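All remarks here apply to the structure that follows.
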Amino acid sequence: MNRDYDYYMAVASTEPCPESLSELIVSAMTWVVFEVKVPWEKEKWHRIYGEWFPSSGYEQVEGPMIQVGPEIEVGLEKQVYTEEKEVELWIPVVNVR
């Protein structure tokens with residue numbers, strides 16, 4: 001199993017990207033948005049890929065998977081979540097039915 005991936009901390013903006021940062025342009029896509037809580041458990045992945053996708057009529061397509069939230073505080077050395085935090089998980093999809 002390939003476990004390589006790119007991880008970005010990002011903002012959506014129409015402003016020019018500063019030279020000291022990298023820009024990732026995301027094309028218009030159809031997204032399925034799951035409201036979930038982090039930290040992640042294997043059961044959450046099973047419910048998305050083992051239950052929702054097979055019965056939905058959608059398939060995942062190439063593109064970034066985006067997690068929106070939780071808010072973070074800039075400048076902290078390490079953020080430890082002692083309770084579950086709500087986030088949105090955006091997965092690019094195409095309707096196949």
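Structure summary
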{"item": "Around residue 51: net Lys/Arg minus Asp/Glu count, Cβ-Cβ under 14 Å", "result": "+2"}
{"item": "Charge tally in the Cβ shell below 10 Å around residue 34, where Lys, Arg are +1 and Asp, Glu are -1, residue 34 excluded", "result": "0"}
{"item": "Additional length obtainable on full extension of the chain from residue 88 to residue 43, 0.36 nm per residue less Cα span", "result": "14.6 nm"}
{"item": "Highest average packing first - 86-96, 53-63, Cβ atoms within 10 Å", "result": "86-96, 53-63"}
{"item": "Accessible heavy-atom area order of 85, 44, highest first, probe of 1.4 Å", "result": "85, 44"}
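The values are calculated or read from the model by the stated rules, or taken from the named source; none is laboratory data. All values derive from a computational prediction rather than experimental measurement. Neighbour counts run over all protein chains shown; Cβ positions are idealised from the backbone, glycine included. Just so you know, the surface numbers come from the protein's heavy atoms only, side chains and all, with ligands and any DNA or RNA stripped out. Shrake-Rupley method; radii C 1.70, N 1.55, O 1.52, S 1.80 Å.
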